[in-house]
Every structure is written in structure tokens, then in C-alpha cells.
Amino acid sequence: MEGLSGAVAVQKVSGLPTRVYLANTLTPDQAAKVLGHELSHVVDQLAGQIDTSGLSAELRSNYNTLNNPNRLRTDPSQPANWGKPVTPQNFGYKGDEVPREQMTEAIRAYLTNPNYLKTMAPKTAARIRAAVNANPQLSKIIQFNSIAAVPAVGEIPQQRGNSGQ
């Protein structure tokens with residue numbers, strides 16, 4: 001695993017995931033992100049590799065937003081505001097690996113912030129939801145909902161910036 005942050009081992013015969021590996025050199029924040037990414041590969045593999053056709057624009061935008069160090073970190077819903085877009089190719093992925101990495105990052109976004117993905121990439125969220133919720137193995141442990149969460153009555157949405165308190 002030298003040079004890698006994480007990896008998923010798959011069984012040779014079935015192609016099913018058997019183990020997730022993380023580099024022991026990762027900081028706690030890096031380890032959380034890499035673990036989420038690798039577990040999202042597992043979800044994608046168990047779902048039979050979620051179809052990415054017709055989702056290129058959403059997948060590219062989401063991948064750039066989640067991986068571009070030039071975007072404003074205070075608002076994850078905003079795309080990178082300067083510099084070249086970040087793509088899987090920037091990390092050495094080629095060919096058929098590119099859409100898998102993009103879908104994996106979309107799954108990671110859905111797992112960690114469902115409202116973000118449903119808002120910023122609604123077609124991608126619907127495709128993930130359909131694949132995962134219809135899968136007999138995955139639907140026992142994960143359910144994606146189609147409706148965005150609504151704040152409870154009386155709940156105050158978080159405000160950005162300093163309110164003077």
C-alpha cells in the first residue's frame with residue numbers, strides 16, 4: 001500500500017470487497033476523509049457499480065468541490081472559486097477509474113451531508129438512492145431518503161459569521 005492513502009481489497013472470484021486499508025501516516029482528519037472514501041467504494045461495489053451515464057457534469061462539479069483546495073472552505077456548497085478544477089486525473093486515475101472515483105466521492109458526500117448532495121447534484125443523489133435502496137444487502141444497513149431534512153419547529157438554523165455573542 002506504499003504511496004496510497006487507502007485501498008479496498010476485493011475477493012478475486014466474486015469481486016466483492018473484503019477489507020479496507022488506511023495508511024498509518026494519516027492525520028485524524030485525513031483518516032476520516034479517506035475512510036469515508038474507501039467505504040464509499042465498498043458501497044459502490046456492493047451496488048454493482050452505480051451507473052454514471054448522464055451524470056458527468058454533476059459528478060465533475062461535486063468532485064472538484066470536495067477536493068479542490070482553492071474553494072472557500074466556509075461554504076461547501078460553493079464550487080472552487082479560482083484555479084483549475086480538480087479531477088481524479090490529478091491523482092493519477094485514468095480511463096474507467098475516473099467515473100468510479102467521481103461516484104465514490106458522490107457517495108461519500110451523500111453519506112456525510114445528504115442535503116448537500118441532494119441540492120448540488122440531485123440526479124446523482126437519485127441514482128445513488130435508487131441503487132442502494134433497491135439492493136437487498138445494502139438496504140439492510142443504509143437507507144437514503146429523497147426528502148431534504150427540514151429544521152424542527154422552533155429550531156434556529158446556524159448562522160455564518162460572528163453574531164456578537
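Read-outs: derived from the displayed coordinates by stated rules, not from any lab. Quick caveat, the model's predicted, so the values are computed rather than measured. Virtual Cβ from ideal backbone geometry, glycine too; neighbours counted across all protein chains shown.
For the pair Asn135 and Asp96, the difference between a 0.36 nm per residue extended length and the Cα-Cα distance amounts to 11.7 nm. Please enumerate, by chain and number, the lysines with C-alpha under 28 Å from the C-alpha of Lys118, excluding those fewer than 8 residues away in the same chain. List returned: Lys33, Lys84, Lys94, Lys140.
Which FRET efficiency value, to the nearest 0.05, do you get for Ser53 and Ala23 by plugging their Cβ-Cβ distance into 1/(1 + (r/R0)^6) with R0 = 30 Å?
Details: r = 33 Å, r/R0 = 1.10.
The computed FRET efficiency comes out at 0.35.
Put simply, the amide H of Gly6, placed in the peptide plane, has neighbours under 5 Å in Ala23, leaving out anything fewer than 5 places away on its chain.
Hey, can you rank 89-95, 132-138 by average C-beta count inside 10 Å, highest first? Intermediate results must be reported in sequence, preceding the final value.
Numbers: 89-95: 10.7, 132-138: 14.0.
Packing proxy ranking, top to bottom: 132-138, 89-95.
What the phi angles of segment 118-129 give under the Karplus curve with 6.51, -1.76 and 1.60, with θ = phi - 60°, is a coupling list of 5, 7, 7, 9, x, 5, 5, 4, 5, 5, 5, 4 Hz, glycine and proline written as x.
With a sphere of radius 12 Å drawn around the Cβ of Arg108, what net charge do the other residues whose Cβ falls strictly inside it have (Lys, Arg +1; Asp, Glu -1)? Intermediate values should be presented prior to the final figure.
Numbers: positive: Lys33; negative: Glu38, Asp44, Glu101, Glu105.
So the surrounding residues net to -3.
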